[in-house]
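The values are calculated or read from the model by the stated rules, or taken from the named source; none is laboratory data. Predicted model, so just to flag it, every value in this text is computed and none were measured. In this analysis, Cβ positions are derived from the backbone assuming ideal geometry, glycine residues included, and neighbour counts consider all displayed protein chains. Accessible surface areas use protein heavy atoms only, side chains included; no ligands, DNA or RNA. Shrake-Rupley method; radii C 1.70, N 1.55, O 1.52, S 1.80 Å.
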Amino acid sequence: MNSRILFILIPALILTGCRSHPQLTLQQAGGQNLYQERCVHCHEENDLALKPPPPSLSNLFRHSTLPSGAPATDAQVIRTVLGGKNKMPSFAGRFTEEQMDALLAYLHTGIQ
Ligand code: HEC
């Protein structure tokens, strides 16, 4: 590749990388990894072509209710993740308490 292009590309990539998540704490960043590994393929990509598509989880806690109408509380989200809901599978035994806390901390950022 032309080295001039790299001079432009690399700073641009660094800048966009920094801008997308400016202030994630270490815990939130850990939660982001879990979210990307375990939740994105359904909730953003709908790779199983579920109908209706799984709801977006961004700004989950900025409303008083979850998409289903259940209260938007940590306890309810944990219950959903551990117990599953309709076509959403149960993640019981898949996350340590620390990982669940990190996942919740990340969901509280609103996922921007
Ligand atoms: C296999 C696909 C799939 C995966 C993987 C998945 N979900 Fe879901 N999720 C769904 C579907 C479908 C719904 C809608 C359930 C309903 O209300 O019928 C849903 C709903 C939800 C809701 C809203 C519940 C409500 O009461 O409205 C939350 C919160 C949620 N998921 C969190 C997560 C998190 C966090 C992860 C990752 C750990 C995850 N989901 C992984 C399919 C998935």
Filter the stretch 13-45 down to residues that are assigned to a helix (DSSP H, G or I), open to solvent by less than 70 Å² (accessible area, probe 1.4 Å) and at pLDDT below 60 and give me whichever is nearest to residue 110 (Cα to Cα). 20
Listed by first then second residue, the pairs whose first member lies in the stretch 43-61 and is hydroxyl-bearing (Ser, Thr, Tyr), whose partner is in a loop (DSSP other than H, G, I, E, B) and more than 6 Å from the ligand (Cβ to nearest atom), with beta carbons under 6 Å and at least 6 positions apart or on separate chains, are 58/110; 58/111
In the stretch 22-62, anything of a type in the set (Phe, Trp, Tyr) and within 8 Å of the ligand (Cβ to nearest atom) is listed as 35
If the requirement is being within 9 Å of the ligand (Cβ to nearest atom) and either among the polar types (S, T, N, Q) or crowded, with 17+ Cβ neighbours inside 10 Å (or both), which of these qualifies: 65, 73? 65
Can you spot a residue in the stretch 91-111 that is in contact with a strand residue (DSSP E or B) (Cβ under 6 Å, 6 or more places away or on another chain), part of a loop (DSSP other than H, G, I, E, B) and free of Cβ contacts under 8 Å to residues at least 60 places away in the same chain? no
Residue check, residue 84 under 16 Å from residue 34 (Cβ atoms) and without any contact (Cβ under 8 Å) to a residue 60 or more places away in the chain: no
